[in-house]
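Undergrad: Supplied in structure tokens, the structure appears directly below.
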Amino acid sequence: MSRIGNSPITIPDGVEVNIQGSHVTVKGPKGTLERDISEKLTVSVEDGKIIVKRPNDQTEIKSLHGLTRSLINNMVIGVKEEFKKELEINGVGYRVQKQGNDLNLILGYSHPVIYKAPTGISFDVPNPNSIIVKGVDKELVGQTAAEIRTKRPPEVYRGKGIKYIDEVIRRKEGKTGKK
């Protein structure tokens, strides 16, 4: 019994859901998202709620049931209110600037790193040491934030680098001299 898969998704005001076979389209005030789902599951809209049903209790179908419901729920939430991830830059001389839709990252390399914004993603730079990645697609927001973080991951001795705002870096002590 999938507790996540069996719970219905409430469609908020201003969001329109269109289901054509195994293709789900969700339109809202922030944008439009489309996704193909497994043909083994049935998705329907009843009384302002999206219901995902499975035909039997095979292991593969049971695992797809909760996944599909979560993906559709994230689509509904994303078009109503955007998802966002916050990144923090630590290090002397490390900073970020917004150039149009792209980011200019200065991370201690001999050259600045230019990160081009994927389609559907917007950046907000409130100060030179923080980045906010925003978009309607939760998967794309997380992937973009992870790619930015890989440009200079946080190091464990001084904590320099790019990290998520809520990430905790376990610090190492470093070398100690002979006594």
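The values are calculated or read from the model by the stated rules, or taken from the named source; none is laboratory data. None of the values given here were measured: they were computed from a predicted structure. Note: ideal-geometry Cβ built from the backbone for every residue, glycine included; neighbour counts use all protein chains shown. Accessible surface is based on the protein model in full, side chains and every heavy atom, while ligands, DNA and RNA are left aside. Shrake-Rupley method; radii C 1.70, N 1.55, O 1.52, S 1.80 Å.
Undergrad: I need the fraction of alpha carbon pairs in the range 68-120 separated by more than 16 Å, rounded to a whole percent.
TA: 60
Undergrad: Just to verify a number: FRET efficiency for Lys27 and Val113, C-beta to C-beta distance, R0 = 41 Å, to 0.05?
TA: The computed FRET efficiency comes out at 0.70.
Undergrad: Could you give me the ³J(HN,Hα) list for the range 115-131, computed from phi with Karplus coefficients 6.51, -1.76, 1.60 and θ = phi - 60°, whole Hz, x at Gly and Pro?
TA: With coefficients 6.51, -1.76 and 1.60, one gets 10, 7, 6, x, 5, x, 10, 10, 10, 10, 10, x, 8, x, 10, 9, 10 Hz.
Undergrad: Another question about this same structure. Using 0.36 nm times the number of residues separating Glu167 and Glu16, minus their current alpha carbon distance, what extension gain do you get?
TA: Here the segment from Glu167 to Glu16 would lengthen by 50.8 nm.
Undergrad: Accessible area of the range 55-121 with a 1.4 Å probe: how many percent of it is carbon plus sulfur?
TA: The C+S portion of the solvent-accessible surface of the range 55-121 is 48 percent.
Undergrad: How large is ³J(HN,Hα), in whole Hz, for each residue of the range 24-37 in order, when computed from phi with the Karplus curve 6.51 cos²θ - 1.76 cosθ + 1.60 and θ = phi - 60°, using x for Gly and Pro?
TA: My calculation for the range 24-37 gives 10, 10, 10, 10, x, x, 8, x, 10, 10, 10, 7, 8, 10 Hz in order.
Undergrad: Using Cα centres only, tell me the gap between the range 130-145 and the range 57-108 in whole Å.
TA: 3
Undergrad: What shape does the chain have by the C-alpha gyration tensor, where a ≥ b ≥ c are the square roots of the eigenvalues, rounded means a/c under 1.5, and otherwise prolate means a/b greater than b/c and oblate the rest?
TA: prolate
Undergrad: Right, here's the next one. Could you give the accessible area per residue of the chain, probe 1.4 Å, as a whole number in Å²?
TA: Per-residue value: 62 Å².
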